[in-house]
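Below: the structure, in structure tokens.
Derivation of every value follows stated rules applied to the coordinates shown; laboratory data play no part. Not measured: the values here are computed from a predicted model. Note that we place each Cβ from the backbone using ideal geometry, even for glycine, and neighbour counts take in every protein chain shown.
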Amino acid sequence: MTARRSAGARAGKRRNKLKIRTDDHVKVTAGKDRGKTGKVLRVEPTRERLFVEGLNMVKRAVRPQVNQSSSTLPGTEGQLGGVIEREGPIHISNVILLDAKGNPTRVRIERKSGSRVRIAKSTGAELD
């Protein structure tokens with residue numbers, strides 16, 4: 001049995017920087033939450049996944065926590081246990097970024113004075 005490698009660690013594959021960041025607004029293009037929009041809570045570049053507020057909700061069974069700091073799941077500190085709902089990961093290819101007006105757009109990267117700037121392809125406006 002071979003060891004499972006992360007998306008960025010595959011032989012000969014160079015990991016690209018993601019064009020979607022935390023606090024961006026995105027629209028889901030595929031899956032059970034298709035068509036819904038939300039704010040990005042967290043991005044995991046090595047897994048190429050992100051967590052969107054209120055979307056892809058999954059249920060997890062949690063044991064009662066004796067010590068508040070010993071919780072392994074975020075947001076479960078001091079809970080009695082039971083079933084909790086939290087956001088699950090969505091693959092980066094299943095979402096599209098929304099511009100300031102709420103229209104879906106692809107992103108291109110330009111260099112301005114030595115720094116990367118994200119530009120909306122549909123309108124040409126800066127996203128940062």
Segment R108-R21, extension gain: residue separation times 0.36 nm, minus the distance between their alpha carbons: 29.9 nm
Distance between modelled label sites at S122 and I96, nm, 7 Å Cα→Cβ extension: 0.7 nm
Karplus-derived HN-Hα couplings along region 118-123 (A = 6.51, B = -1.76, C = 1.60, θ = phi - 60°), whole Hz, x at Gly and Pro: 7, 10, 6, 5, 6, 10
Exceeding the 19 Å Cα-Cα cut-off - candidates K19/K112; K32/K121; K19/K39; K36/K101: K32/K121
